[in-house]
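Just so you know, all these numbers are worked out from the coordinates, no wet-lab data involved. As the structure is a prediction and not an experimental result, all values here were calculated from the model. Here Cβ is always computed from backbone atoms with ideal geometry, including for glycine, and neighbour counts include all displayed protein chains.
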Amino acid sequence: MRLAIQEDMLPGKTALERFQQAKALGFAGMEVWASGLTPRVPELVDAIEETGIVIAAVNHGRQGRLLDPDIDERERGLADFRQSVVNGVDLGATAVILVPHFAEPTLPDLTPYKSVVQLEYEMLHNHLRTLSDYVYAIGIDLYIEPVNRYETHFINTLADAARVRRRIKDHPHIKIAADLFHMAMEERNLVQSIRDHAADLGYVHLADSNRRLPGQGMLDFLAVASALKDAHFTGWVTLECGSPGHNAEFAAHYWAELPESLLLLRQAGLIDDGESS
Ligand code: LER
Ligand code: MN
């Protein structure tokens, strides 16, 4: 397991300053947002070279409408996603994280022929047939992230995402990004779900049950760490707290409270000795 943090959770006026803060706190990697990323690639490459902090993943965020009924909208969504993939490769990232659809459905309800959700699974599968070849050829992974019901009606649990993965024949470059905050809301038993989907997991977003820093909510990080270790999970565990993508104004607060949270993660066994100071 390697520990990373989202860039906007750290203070600093420049990418280099934020990467230096990450290094000072003992992180090994950084997750960056895909929105507005292309012109930032050169400064990020400089920050990587300067600090040795690597890019854990590009988070595609809320961009694009891959499951829209309008083909032009879908094509724009696919083009944006491919740009995130290219940026990820240029940055040496392990993966691009994708939430396939946010909010209410836009595809039609064609019952009794097919329900909205059936159509969405099929549309996503069709996209993944080409995207899986694309990410494999270009040398990066694609991680599908389930999010809670207040953010989407489609793919809320690890089991939902695993269904997508089964359909694409457990493609080795398409895996699941498990977000503990969403899981705390959607899974019947968060720790058991990690165990049940051990082979599907590529990445973990770390937050407590209320999306505060680990230790400031109700999650049992000792049990989470045991499940991940038993699963021989070797991917990134990345802090994503508060208001993802809009955390810059809270960065000083995180800076003050992160050491205590990192201590808890180390005591729980989520950070190996020597991985974080
Ligand atoms: C959204 O709540 C989330 O968890 C992100 O990782 C994806 O945009
Ligand atoms: Mn997340």
Count - residues of the stretch 13-24 that are within 21 Å of the chain's Cα centre (by Cα) and hydrophobic (A, V, I, L, M, F, W, C): 3
Residue that is in contact (Cβ under 8 Å) with a residue 60 or more places away in the chain, surrounded by 20 or more Cβ atoms within 10 Å (Cβ to Cβ) and of a type in the set (A, V, I, L, M, F, W, C), where the choices are Val147, Val85, Val135, Val96: Val96
Among (1) crowded, with 18+ Cβ neighbours inside 10 Å; (2) more than 18 Å from Asp196 (Cβ to Cβ); (3) within 19 Å of the chain's Cα centre (by Cα); (4) not aliphatic (A, V, I, L, M), the one test that Gly235 misses: (2)
Meets criteria (part of a strand (DSSP E or B), within 21 Å of Pro259 (Cα to Cα) and in contact (Cβ under 8 Å) with a residue 24 or more places away in the chain) for Ile5: yes
Residue count, the stretch 235-272 (criterion: touching a helix residue (DSSP H, G or I) at 6+ places or on another chain (Cβ under 9 Å) and part of a strand (DSSP E or B)): 2
Top-ranked residue in the stretch 64-82 [being of a type in the set (A, V, I, L, M, F, W, C) and under 21 Å from Asp141 (Cα atoms); ranked as surrounded by the fewest Cβ atoms within 10 Å (Cβ to Cβ)]: Ala79
Residue selected from the stretch 169-193 under the condition over 17 Å from the mean Cα position of the chain (by Cα) and more than 21 Å from Lys229 (Cα to Cα), by the criterion farthest from ligand 2 (Cβ to nearest atom): Lys169
Selection from the stretch 166-210 of residues that are free of Cβ contacts under 8 Å to residues at least 40 places away in the same chain, part of a loop (DSSP other than H, G, I, E, B) and surrounded by fewer than 20 Cβ atoms within 10 Å (Cβ to Cβ): Lys169, Asp170, Pro172, Arg188, Asn189, Ser209, Asn210
Qualifying residue in the stretch 233-245 (condition: closer than 21 Å to Ala159 by Cα, more than 16 Å from ligand 2 (Cβ to nearest atom) and touching a strand residue (DSSP E or B) at 6+ places or on another chain (Cβ under 7 Å)): yes
Selected residue [more than 26 Å from Ala162 (Cβ to Cβ), within 15 Å of ligand 1 (Cβ to nearest atom), under 14 Å from the mean Cα position of the chain (by Cα) and not in a helix (DSSP H, G or I)] from Val32, Val58: Val32
Filter result (hydroxyl-bearing (Ser, Thr, Tyr) and over 23 Å from Val54 (Cα atoms)) within the stretch 213-242: Ser226
Every pair of residues 6+ apart whose Cβ atoms lie under 9 Å, when the first sits in the stretch 247-260 and is small (Gly, Ala, Ser) while the second is surrounded by 14 or more Cβ atoms within 10 Å (Cβ to Cβ) and in a helix (DSSP H, G or I): Ala248/Asp8; Ala248/Met9; Ala251/Asp8; Ala251/Met9; Ala251/Arg18; Ala251/Gln21
